[in-house]
1. Can you pull out the residues in the range A:102-116 that are among the polar types (S, T, N, Q) and either closer than 14 Å to A:C23 by Cβ or more than 11 Å from chain B (Cβ to nearest Cβ) (or both)?
2. B:I64 versus (1) away from every other protein chain (no Cβ under 14 Å); (2) part of a strand (DSSP E or B); (3) closer than 30 Å to A:S9 by Cα: which is the lone unmet condition?
3. Across the range B:73-102, what is the number of residues that are within 10 Å of another protein chain (Cβ to nearest Cβ) and free of Cβ contacts under 8 Å to residues at least 60 places away in the same chain?
4. Could you tell me how many of the residues in the range A:23-37 are within 13 Å of the chain's Cα centre (by Cα) and either free of Cβ contacts under 8 Å to residues at least 12 places away in the same chain or more than 9 Å from chain B (Cβ to nearest Cβ) (or both)?
5. Within the range A:52-68, identify whether any single residue is under 15 Å from A:V4 (Cβ atoms) and either free of Cβ contacts under 8 Å to residues at least 24 places away in the same chain or away from chain B (no Cβ under 13 Å) (or both), and answer yes or no.
6. List the strands (runs of 3 or more DSSP E) that sit entirely inside the range A:47-116 and contain at least 3 residues that are modelled with pLDDT under 90.
7. Can we say A:S77 is within 12 Å of chain B (Cβ to nearest Cβ), of a type outside the set (D, E) and touching a Ser or Thr at 6+ places or on another chain (Cβ under 9 Å)?
8. Return only the number of the condition from (1) out of contact with any Cys (no Cβ under 8 Å at 6 or more places or on another chain); (2) within 14 Å of another protein chain (Cβ to nearest Cβ) that B:I18 does not satisfy.
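The values are calculated or read from the model by the stated rules, or taken from the named source; none is laboratory data. Note that this is a predicted model, so its numbers are computed, not measured. With ideal geometry, Cβ positions are generated from the backbone for all residues, glycine too; neighbour counts draw on all protein chains shown.
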Amino acid sequence: GAVVSQHPSRVICKSGTSVKIECRSLDFQATTMFWYRQFPKQSLMLMATSNEGSKATYEQGVEKDKFLINHASLTLSTLTVTSAHPEDSSFYICSALKSLGGNTIYFGEGSWLTVV
Amino acid sequence: QQQVKQSPQSLIVQKGGIPIINCAYENTAFDYFPWYQQFPGKGPALLIAIRPDVSEKKEGRFTISFNKSAKQFSLHIMDSQPGDSATYFCAASMAGGYQKVTFGTGTKLQVIP
């Protein structure tokens with residue numbers, strides 16, 4: 001089946017530094033990927049829609065300059081949290097849209113970010 | 001504004017029971033309704049999905065019931081097992097699932113032996 005891989009699965013960074021999270025579709029091409037954020041015991045909140053070869057579309061209230069998204073290829077989207085602060089600590093989850101064979105969205109395993 | 005409302009927030013059933021999770025939506029443009037299962041520390045996994053042209057869909061022990069006029073849908077888990085203990089999210093999207101998925105608030109299910 002389709003697999004979406006995220007890396008790293010866990011990362012700890014110091015406050016003020018930047019950290020990059022990768023999202024890869026392993027066996028299909030994804031022109032559209034999505035980035036979510038999930039706080040403990042809460043639902044997934046969409047941050048942005050990542051489109052291959054174009055700028056990401058951010059949800060209201062999400063800072064574009066803080067959460068940089070790059071979708072440079074049909075199998076890779078990256079989320080960079082810039083100048084991270086402890087309040088950015090969260091579970092970040094990506095998903096990728098597989099259009100071939102019917103539109104199905106597959107989720108990655110998520111990346112835990114802890115900012116200390 | 002919560003576009004997809006989900007209840008209950010938590011649910012405890014005994015093994016073999018049939019937990020039912022309910023969701024309601026407002027936006028009639030939604031045309032794809034997936035359910036996801038999430039274990040702690042893991043990403044959500046697609047369980048089953050339905051489109052509004054059918055009223056029921058079964059896959060294994062999971063059944064979705066869909067009421068288009070009421071804008072409600074529900075998940076039934078037949079013969080529930082302790083391994084089904086997880087958080088379940090209903091969701092909705094437009095354009096046949098092509099667009100972003102809007103999640104419900106989640107239901108934490110515990111199946112006790």
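1. Answer for the range A:102-116, where residues must be among the polar types (S, T, N, Q) and either closer than 14 Å to A:C23 by Cβ or more than 11 Å from chain B (Cβ to nearest Cβ) (or both): A:S111, A:T114.
2. Condition not satisfied by B:I64: (3).
3. The number of residues fulfilling the criteria is 4.
4. Count: 6.
5. Within the range A:52-68, one or more residues are under 15 Å from A:V4 (Cβ atoms) and either free of Cβ contacts under 8 Å to residues at least 24 places away in the same chain or away from chain B (no Cβ under 13 Å) (or both).
6. A:104-107
7. Answer is no for this residue.
8. Unmet for B:I18, out of (1) out of contact with any Cys (no Cβ under 8 Å at 6 or more places or on another chain); (2) within 14 Å of another protein chain (Cβ to nearest Cβ): (2).
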